[in-house]
1. Tell me which residues, restricted to region 1-48, are of a type in the set (Val, Ile, Thr) and under 14 Å from the mean Cα position of the chain (by Cα).
2. Scan region 220-241 for residues that are in contact (Cβ under 8 Å) with a residue 12 or more places away in the chain and either assigned to a helix (DSSP H, G or I) or buried (at least 17 other Cβ atoms within 10 Å of the Cβ) (or both) and jot them down.
3. Can you tell which of Gly245, Gly140, Gly153 is modelled with pLDDT of 95 or more and not assigned by TED's automatic domain parsing to the domain that holds Val126?
4. For residues that are part of a helix (DSSP H, G or I) and in contact with a Gly (Cβ under 6 Å, 6 or more places away or on another chain), scanning just region 66-85, find the one that is farthest from Pro148 (Cα to Cα).
5. Identify the single condition in (1) surrounded by 24 or more Cβ atoms within 10 Å (Cβ to Cβ); (2) at pLDDT below 95 that Gly13 does not satisfy, given that it satisfies every other one.
6. Quick one: is Ala145 out of contact with any strand residue (DSSP E or B) (no Cβ under 6 Å at 6 or more places or on another chain), free of Cβ contacts under 8 Å to residues at least 24 places away in the same chain and closer than 22 Å to Gly42 by Cβ?
7. Restricting attention to region 111-148, and to residues there that are touching a Pro at 6+ places or on another chain (Cβ under 9 Å) and assigned to a loop (DSSP other than H, G, I, E, B), which single residue is nearest to Thr184 (Cα to Cα)?
8. Please go through region 40-65 and give me each residue that is outside any helix (DSSP H, G or I) and of a type in the set (A, V, I, L, M, F, W, C), ordered by number.
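The values are calculated or read from the model by the stated rules, or taken from the named source; none is laboratory data. It should be emphasised that the depicted structure is a prediction, and the values quoted were computed from it without experimental measurement. Cβ sites come from the backbone with ideal geometry, for glycine too, and all protein chains shown count toward neighbours.
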Amino acid sequence: MQQAIAVLDSGVGGLTVAGEIMRQLPKEQILYFGDTARAPYGPRSTSEVLHFTKQIVDFLLLHRPKMIVLACNTATAAALEPIRSSVTIPVIGVIEPGARAAIKHTRSRTVGVIGTEGTIKSGAYVKALEDISPGIRVTGLACPAFVPLVEQGLYRTDSARRIVRESLAPLAGEQLDCLILGCTHYPFLSGFMSEAMGPRVKLINSADETAREISAVLYAGSMQNPSSEPPEHRFFCSGDPVLFGRIAEAWLRRPIDVTQVTGMLSKVR
């Protein structure tokens, strides 16, 4: 029996990480949970995000995964260490991999970070970047309008292009050569972001580096899936499964079945 890699997010954003895991590790099974009924996490308190994340982890543990991936920057900032200390399987976040990728690419040592209000306020990216490269210059910007665009499936509209351009305008005067997409929802809008920032700014999507870290952990622990059978991925969400399924199929370019899970929500309402 295959043991899955459990991936959780506040909504559909973690699909960017799940898709990269599927690309780099095609033999591995994904067990995905998107908390679409309670997204976005960005404006919520740290304690609330931690509470939600613990609830989702408890649900995912019922399926006996071999690893948990917090594919949400806000959840990573709020819950990575508490979750790591409470489970016996590896737990990986997306902030440190994103910081490492930016350090690899920057030449000016001036890096921008965009994210939810919670992620930017936490200072988690600044700490991660400075731990790797002391003295690096970091400019953070909260972009709260982006997650709702993605969750509502509006990320390809002219309105989305305008909102991205207006939201990123404060970075125009900064001498950035890298911009970390500090929310896993943001790659859905990367085309518009590239237009707004111009060719001299490289967009850093942590999904690639996160998948590489997952691969390294699996290899080090001899945890790779030994089966030659194609993996059967499973998807759960707490909100509208039809909307989630439509976005997931468009992003992953494959048909998926989505199961709605609502039991955990009654505990917090």
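1. Val7, Val12, Thr16, Val17, Ile21, Thr36
2. Hits for region 220-241 are Met223, Asn225, Pro231, His233, Arg234, Phe235, Phe236, Cys237, Ser238, Gly239, Pro241.
3. Result of the check over Gly245, Gly140, Gly153: Gly245.
4. That would be Leu80.
5. Status for Gly13: all satisfied but (2).
6. For Ala145, the condition - out of contact with any strand residue (DSSP E or B) (no Cβ under 6 Å at 6 or more places or on another chain), free of Cβ contacts under 8 Å to residues at least 24 places away in the same chain and closer than 22 Å to Gly42 by Cβ - is met.
7. Thr116
8. Result: Leu62, single match.
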